[in-house]
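The values are calculated or read from the model by the stated rules, or taken from the named source; none is laboratory data. A quick note: this is a predicted structure, and the numbers were derived from the prediction, not measured. Don't worry about glycine lacking a Cβ; one is built from the backbone with ideal geometry, like all the others, and counts go over all protein chains shown. Keep in mind that these areas ignore ligands, DNA and RNA; they rest on the heavy atoms of the full protein, side chains included. Shrake-Rupley method; radii C 1.70, N 1.55, O 1.52, S 1.80 Å.
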Amino acid sequence: MRECGKTRTDANIEIIGTLDWLKWLEDHGTTFLADEKVPTPITLMGKKSRIIHEALGPVLIIAPWNYPFHIGITQIFTAFACGNTVVYKPSEITPMQGIYEEILSASPLLQRSVSIAYGGGDLGVALIDQQPEKIFFTGSTRTGKAISRQAADYLIPVDLELGGKDPMLVFDSASVKRAAAAAIWGAFTHNGQSCSAVERLYVQAGIYEQMIAELKSETAKLVQSITDKNGDVDLGRLTVDFQYNIVKRHIADAKAKGADILIGGDPIDEGQLLHSPTIITEATSDMLIVKEETFGPVLPVIKFRTEEEA
(Lines give C-alpha, C1' and ligand atoms only; values in the text may rest on other atoms or scores of the structure.)
Protein backbone atom coordinates (compact mmCIF):
# COMPACT_ATOMS: atom_id res chain seq x y z
CA MET A 1 0.00 0.00 0.00
CA ARG A 2 2.81 2.42 0.87
CA GLU A 3 4.97 1.82 -2.21
CA CYS A 4 2.34 1.01 -4.88
CA GLY A 5 -0.49 3.22 -3.65
CA LYS A 6 -2.83 0.22 -3.55
CA THR A 7 -6.05 0.16 -1.59
CA ARG A 8 -6.29 -2.38 1.21
CA THR A 9 -8.50 -4.62 -0.93
CA ASP A 10 -6.10 -4.52 -3.88
CA ALA A 11 -3.20 -5.31 -1.55
CA ASN A 12 -5.07 -8.26 -0.06
CA ILE A 13 -5.91 -9.60 -3.53
CA GLU A 14 -2.18 -9.68 -4.24
CA ILE A 15 -1.51 -11.66 -1.03
CA ILE A 16 -4.41 -14.08 -1.58
CA GLY A 17 -3.32 -14.73 -5.17
CA THR A 18 0.19 -15.53 -3.97
CA LEU A 19 -1.03 -18.00 -1.35
CA ASP A 20 -3.30 -19.64 -3.92
CA TRP A 21 -0.35 -20.16 -6.28
CA LEU A 22 1.93 -21.51 -3.53
CA LYS A 23 -0.76 -24.02 -2.52
CA TRP A 24 -1.07 -25.13 -6.17
CA LEU A 25 2.70 -25.47 -6.42
CA GLU A 26 2.81 -27.55 -3.24
CA ASP A 27 -0.01 -29.83 -4.42
CA HIS A 28 1.12 -30.33 -8.03
CA GLY A 29 4.85 -29.61 -8.20
CA THR A 30 6.01 -33.21 -7.99
CA THR A 31 3.48 -34.18 -10.67
CA PHE A 32 4.50 -31.68 -13.33
CA LEU A 33 8.20 -32.25 -12.63
CA ALA A 34 7.96 -36.06 -12.81
CA ASP A 35 9.54 -37.96 -15.71
CA GLU A 36 7.21 -38.40 -18.69
CA LYS A 37 7.03 -41.60 -20.73
CA VAL A 38 6.82 -40.95 -24.47
CA PRO A 39 6.49 -43.25 -27.52
CA THR A 40 9.70 -44.67 -28.91
CA PRO A 41 10.33 -44.51 -32.70
CA ILE A 42 10.31 -47.84 -34.53
CA THR A 43 13.98 -47.32 -35.39
CA LEU A 44 14.73 -47.65 -31.66
CA MET A 45 12.55 -50.72 -31.11
CA GLY A 46 13.23 -52.33 -27.75
CA LYS A 47 14.18 -49.04 -26.10
CA LYS A 48 12.14 -46.89 -23.73
CA SER A 49 11.88 -43.12 -24.05
CA ARG A 50 11.35 -40.53 -21.36
CA ILE A 51 11.38 -36.78 -20.97
CA ILE A 52 13.33 -35.82 -17.87
CA HIS A 53 12.92 -32.35 -16.36
CA GLU A 54 16.21 -30.99 -15.08
CA ALA A 55 17.05 -27.74 -13.31
CA LEU A 56 18.58 -25.01 -15.46
CA GLY A 57 20.86 -23.37 -12.90
CA PRO A 58 20.84 -19.67 -12.03
CA VAL A 59 17.63 -17.95 -13.12
CA LEU A 60 17.26 -14.16 -13.30
CA ILE A 61 13.84 -12.73 -12.43
CA ILE A 62 13.18 -9.04 -13.08
CA ALA A 63 9.87 -7.95 -11.55
CA PRO A 64 7.58 -4.94 -12.19
CA TRP A 65 6.31 -2.26 -9.83
CA ASN A 66 2.58 -2.96 -10.13
CA TYR A 67 2.38 -6.40 -8.45
CA PRO A 68 5.72 -6.67 -6.64
CA PHE A 69 4.72 -9.19 -3.99
CA HIS A 70 2.67 -11.58 -6.12
CA ILE A 71 4.99 -11.70 -9.11
CA GLY A 72 8.11 -11.73 -6.96
CA ILE A 73 7.14 -14.55 -4.62
CA THR A 74 5.37 -16.77 -7.17
CA GLN A 75 8.24 -16.62 -9.67
CA ILE A 76 10.95 -17.08 -7.02
CA PHE A 77 9.25 -20.12 -5.51
CA THR A 78 8.41 -21.67 -8.89
CA ALA A 79 12.01 -21.39 -10.08
CA PHE A 80 13.22 -22.76 -6.75
CA ALA A 81 10.75 -25.68 -6.83
CA CYS A 82 12.19 -26.61 -10.24
CA GLY A 83 15.65 -26.89 -8.66
CA ASN A 84 17.13 -23.58 -9.71
CA THR A 85 18.98 -20.86 -7.87
CA VAL A 86 17.51 -17.40 -8.30
CA VAL A 87 18.72 -13.84 -8.63
CA TYR A 88 15.69 -11.62 -8.09
CA LYS A 89 15.67 -7.92 -9.01
CA PRO A 90 12.56 -6.08 -7.81
CA SER A 91 11.59 -2.79 -9.40
CA GLU A 92 13.48 0.15 -7.95
CA ILE A 93 10.10 1.91 -7.68
CA THR A 94 8.59 -0.71 -5.33
CA PRO A 95 11.58 -2.58 -3.86
CA MET A 96 9.82 -3.62 -0.61
CA GLN A 97 13.30 -3.97 0.83
CA GLY A 98 13.56 -6.57 3.57
CA ILE A 99 10.22 -8.27 2.85
CA TYR A 100 11.62 -10.97 0.55
CA GLU A 101 14.56 -11.59 2.86
CA GLU A 102 12.23 -12.04 5.83
CA ILE A 103 10.14 -14.62 3.94
CA LEU A 104 13.21 -16.49 2.67
CA SER A 105 14.65 -16.62 6.20
CA ALA A 106 12.08 -19.32 7.01
CA SER A 107 14.34 -21.82 5.20
CA PRO A 108 18.16 -21.96 5.25
CA LEU A 109 18.06 -23.68 1.84
CA LEU A 110 15.98 -20.84 0.38
CA GLN A 111 18.34 -18.28 1.85
CA ARG A 112 21.31 -19.94 0.17
CA SER A 113 19.46 -20.38 -3.14
CA VAL A 114 17.94 -16.92 -3.66
CA SER A 115 19.77 -13.60 -3.92
CA ILE A 116 17.92 -10.27 -3.93
CA ALA A 117 19.57 -7.54 -6.01
CA TYR A 118 18.31 -3.97 -5.57
CA GLY A 119 18.81 -1.36 -8.26
CA GLY A 120 17.55 0.17 -11.48
CA GLY A 121 17.86 -0.57 -15.17
CA ASP A 122 21.66 -0.46 -15.14
CA LEU A 123 21.71 -3.30 -12.63
CA GLY A 124 19.40 -5.33 -14.86
CA VAL A 125 21.81 -4.89 -17.77
CA ALA A 126 24.75 -5.95 -15.59
CA LEU A 127 22.92 -9.04 -14.32
CA ILE A 128 22.11 -10.19 -17.86
CA ASP A 129 25.79 -9.78 -18.73
CA GLN A 130 26.50 -12.40 -16.04
CA GLN A 131 24.75 -14.86 -18.38
CA PRO A 132 22.06 -16.56 -16.29
CA GLU A 133 20.55 -19.73 -17.74
CA LYS A 134 17.10 -18.15 -18.12
CA ILE A 135 15.46 -14.75 -17.72
CA PHE A 136 11.91 -13.99 -16.60
CA PHE A 137 10.79 -10.40 -17.10
CA THR A 138 7.44 -8.77 -16.39
CA GLY A 139 7.00 -5.14 -17.38
CA SER A 140 6.82 -2.74 -20.29
CA THR A 141 7.13 -3.70 -23.94
CA ARG A 142 9.96 -1.21 -24.40
CA THR A 143 12.08 -2.77 -21.64
CA GLY A 144 11.12 -6.27 -22.78
CA LYS A 145 12.51 -5.55 -26.25
CA ALA A 146 15.77 -4.27 -24.75
CA ILE A 147 16.13 -7.39 -22.61
CA SER A 148 15.43 -9.62 -25.63
CA ARG A 149 18.14 -7.89 -27.67
CA GLN A 150 20.72 -8.19 -24.91
CA ALA A 151 19.84 -11.80 -24.08
CA ALA A 152 20.04 -12.78 -27.75
CA ASP A 153 23.78 -12.06 -27.80
CA TYR A 154 24.23 -14.78 -25.18
CA LEU A 155 21.46 -17.08 -26.52
CA ILE A 156 19.72 -16.88 -23.14
CA PRO A 157 16.07 -18.05 -23.29
CA VAL A 158 13.71 -15.33 -22.13
CA ASP A 159 10.10 -15.39 -20.91
CA LEU A 160 8.38 -12.01 -21.30
CA GLU A 161 5.04 -10.91 -19.87
CA LEU A 162 4.47 -7.43 -21.24
CA GLY A 163 1.64 -4.96 -21.66
CA GLY A 164 -1.42 -4.94 -23.87
CA LYS A 165 -4.61 -3.16 -24.84
CA ASP A 166 -7.05 -5.81 -23.69
CA PRO A 167 -10.60 -5.59 -25.05
CA MET A 168 -13.83 -6.63 -23.33
CA LEU A 169 -16.83 -7.37 -25.55
CA VAL A 170 -20.41 -7.13 -24.27
CA PHE A 171 -23.18 -8.49 -26.48
CA ASP A 172 -26.89 -7.70 -26.39
CA SER A 173 -27.57 -10.98 -24.60
CA ALA A 174 -25.48 -10.03 -21.55
CA SER A 175 -26.70 -8.94 -18.14
CA VAL A 176 -26.11 -5.19 -18.14
CA LYS A 177 -25.55 -4.94 -14.38
CA ARG A 178 -23.12 -7.84 -14.29
CA ALA A 179 -21.23 -6.72 -17.39
CA ALA A 180 -20.93 -3.16 -16.10
CA ALA A 181 -19.66 -4.39 -12.74
CA ALA A 182 -17.08 -6.58 -14.47
CA ALA A 183 -15.94 -3.74 -16.71
CA ILE A 184 -15.58 -1.30 -13.82
CA TRP A 185 -13.58 -3.76 -11.74
CA GLY A 186 -11.50 -4.84 -14.74
CA ALA A 187 -10.68 -1.27 -15.70
CA PHE A 188 -10.17 0.33 -12.29
CA THR A 189 -8.70 -2.31 -9.97
CA HIS A 190 -5.31 -0.99 -8.85
CA ASN A 191 -6.15 2.12 -10.88
CA GLY A 192 -5.97 0.13 -14.11
CA GLN A 193 -2.29 -0.58 -13.50
CA SER A 194 -2.54 -4.23 -14.46
CA CYS A 195 -1.18 -6.04 -17.54
CA SER A 196 -4.56 -7.71 -17.97
CA ALA A 197 -6.75 -4.69 -17.19
CA VAL A 198 -9.79 -4.00 -19.37
CA GLU A 199 -8.43 -1.21 -21.59
CA ARG A 200 -11.18 -1.12 -24.24
CA LEU A 201 -14.88 -1.85 -23.82
CA TYR A 202 -16.95 -2.78 -26.90
CA VAL A 203 -20.72 -2.79 -26.33
CA GLN A 204 -23.32 -4.00 -28.82
CA ALA A 205 -25.79 -1.35 -29.94
CA GLY A 206 -28.90 -2.98 -28.45
CA ILE A 207 -27.78 -2.42 -24.85
CA TYR A 208 -25.28 0.40 -25.38
CA GLU A 209 -27.38 3.16 -23.79
CA GLN A 210 -28.24 0.94 -20.81
CA MET A 211 -24.57 0.07 -20.33
CA ILE A 212 -23.52 3.70 -20.51
CA ALA A 213 -26.06 4.66 -17.85
CA GLU A 214 -25.04 1.77 -15.58
CA LEU A 215 -21.32 2.48 -15.99
CA LYS A 216 -21.80 6.14 -15.12
CA SER A 217 -24.01 5.41 -12.13
CA GLU A 218 -21.72 2.75 -10.63
CA THR A 219 -18.47 4.60 -11.31
CA ALA A 220 -19.88 7.65 -9.51
CA LYS A 221 -20.17 5.51 -6.35
CA LEU A 222 -16.47 4.60 -6.27
CA VAL A 223 -14.52 5.90 -3.27
CA GLN A 224 -11.03 7.25 -3.89
CA SER A 225 -8.47 8.28 -1.29
CA ILE A 226 -4.74 8.41 -0.65
CA THR A 227 -5.27 6.51 2.63
CA ASP A 228 -7.32 3.38 3.31
CA LYS A 229 -7.37 2.40 6.97
CA ASN A 230 -10.58 0.37 6.98
CA GLY A 231 -10.66 -1.24 3.54
CA ASP A 232 -13.54 0.90 2.29
CA VAL A 233 -11.65 2.70 -0.51
CA ASP A 234 -11.99 1.57 -4.14
CA LEU A 235 -9.16 3.50 -5.80
CA GLY A 236 -5.91 4.83 -4.42
CA ARG A 237 -3.20 6.73 -6.26
CA LEU A 238 -1.20 5.91 -9.35
CA THR A 239 2.19 4.47 -8.50
CA VAL A 240 4.54 6.65 -10.57
CA ASP A 241 4.48 10.13 -12.07
CA PHE A 242 5.33 9.03 -15.62
CA GLN A 243 2.23 6.80 -15.66
CA TYR A 244 0.15 9.69 -14.37
CA ASN A 245 1.40 11.82 -17.27
CA ILE A 246 0.48 9.10 -19.81
CA VAL A 247 -3.08 9.05 -18.44
CA LYS A 248 -3.41 12.81 -18.82
CA ARG A 249 -1.94 12.74 -22.34
CA HIS A 250 -4.30 10.00 -23.51
CA ILE A 251 -7.36 11.81 -22.15
CA ALA A 252 -6.28 15.12 -23.70
CA ASP A 253 -5.71 13.43 -27.07
CA ALA A 254 -9.16 11.80 -26.95
CA LYS A 255 -10.88 15.09 -26.12
CA ALA A 256 -9.00 16.90 -28.89
CA LYS A 257 -10.17 14.27 -31.40
CA GLY A 258 -13.84 14.52 -30.45
CA ALA A 259 -14.38 12.03 -27.62
CA ASP A 260 -16.84 12.75 -24.82
CA ILE A 261 -16.07 12.36 -21.12
CA LEU A 262 -18.93 10.42 -19.56
CA ILE A 263 -17.50 10.75 -16.05
CA GLY A 264 -14.20 11.80 -14.51
CA GLY A 265 -11.47 13.03 -16.81
CA ASP A 266 -9.71 15.27 -14.32
CA PRO A 267 -6.68 15.04 -12.06
CA ILE A 268 -7.72 15.19 -8.41
CA ASP A 269 -4.34 15.86 -6.80
CA GLU A 270 -1.29 15.84 -9.07
CA GLY A 271 1.11 15.99 -6.15
CA GLN A 272 -0.42 12.82 -4.70
CA LEU A 273 -0.87 11.19 -8.15
CA LEU A 274 -4.63 10.92 -7.63
CA HIS A 275 -6.67 10.82 -10.84
CA SER A 276 -10.41 10.34 -11.13
CA PRO A 277 -11.75 7.11 -12.66
CA THR A 278 -12.67 8.12 -16.20
CA ILE A 279 -15.03 6.70 -18.81
CA ILE A 280 -14.79 7.99 -22.38
CA THR A 281 -17.44 7.61 -25.08
CA GLU A 282 -17.35 8.33 -28.83
CA ALA A 283 -13.84 6.90 -28.87
CA THR A 284 -12.35 6.09 -32.28
CA SER A 285 -9.47 3.90 -33.38
CA ASP A 286 -7.19 6.87 -34.16
CA MET A 287 -7.11 7.94 -30.51
CA LEU A 288 -4.22 7.04 -28.21
CA ILE A 289 -6.78 5.87 -25.66
CA VAL A 290 -7.77 3.09 -28.08
CA LYS A 291 -4.40 2.39 -29.75
CA GLU A 292 -1.89 2.46 -26.90
CA GLU A 293 -1.72 0.94 -23.44
CA THR A 294 -2.85 3.53 -20.89
CA PHE A 295 -2.20 1.62 -17.65
CA GLY A 296 -4.44 3.95 -15.70
CA PRO A 297 -8.04 4.46 -14.51
CA VAL A 298 -9.48 5.19 -17.96
CA LEU A 299 -12.02 3.15 -19.93
CA PRO A 300 -13.00 3.99 -23.53
CA VAL A 301 -16.40 2.59 -24.57
CA ILE A 302 -17.06 1.82 -28.23
CA LYS A 303 -20.39 0.85 -29.79
CA PHE A 304 -20.58 -1.99 -32.31
CA ARG A 305 -23.42 -3.61 -34.22
CA THR A 306 -22.16 -7.02 -35.33
CA GLU A 307 -19.59 -9.46 -34.02
CA GLU A 308 -17.61 -9.07 -37.24
CA GLU A 309 -17.47 -5.30 -36.78
CA ALA A 310 -16.22 -5.71 -33.20
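Points worth noting:
- Normalising the average separation of contacting C-alpha pairs (under 8 angstrom, six or more residues apart) by the number of residues puts the relative contact order of the chain at 16 percent.
- Taking 25 °C and 0.890 mPa s as conditions, region 213-267 diffuses translationally at an estimated 187 µm²/s according to Stokes-Einstein applied to its Kirkwood radius (Cα pairs).
- For the chain, the carbon plus sulfur part of the accessible surface works out to 54%, probe radius 1.4 Å.
- Taking the DSSP beta bridges with both ends in the chain, the antiparallel portion is around 20 percent.
- Cα-projected label distance for Leu155 with Ile93, points at 7 Å along beta-carbon direction, nm: 3.6 nm
- Projected onto planes of every orientation and averaged, the convex hull of the alpha-carbon atoms in the chain covers 21.1 nm².
- Packing-based order for 169-175, 137-143, using average beta carbon neighbours within 10 Å, highest first: 137-143, 169-175
- For region 161-175, 3J(HN,Hα) per residue [Karplus equation, 6.51 cos²θ - 1.76 cosθ + 1.60, θ = phi - 60°, Hz, x = Gly/Pro]: 10, 10, x, x, 10, 5, x, 10, 10, 10, 9, 4, 7, 7, 6
- The peptide list 24-35, 238-249, put in order of mean Cβ contacts within 10 Å with the highest first, becomes 238-249, 24-35.
- Taking Cα atoms only, the orientation of helix 205-219 departs from the longest principal axis of the chain by about 80 degrees.
- Measuring against 23 Å, Cα to Cα, the residue pairs Lys145/Lys291; Lys177/Lys221; Lys6/Lys229; Lys145/Lys248; Lys257/Lys291; Lys221/Lys291 contain Lys145/Lys248; Lys221/Lys291 as the ones spanning a longer distance.
- When the convex hull of its Cα atoms is projected in every direction, mean area for region 115-261 (nm²): 12.6 nm²
- Against the chain, whose longest principal axis comes from its Cα atoms, helix 68-81 is set at around 20 degrees.
- Remark: region 1-151 carries 57 Å² of accessible area per residue (probe radius 1.4 Å; ligands, DNA and RNA excluded).
- Taking amide H positions as modeled 1.01 Å from N, with prolines and chain starts lacking one, the residues under 5 Å from Val86 and 5 or more places away or on another chain are Val59, Val114, Ser115.
- Gyration tensor (alpha-carbon) shape descriptor, region 87-173, a/c threshold 1.5: oblate
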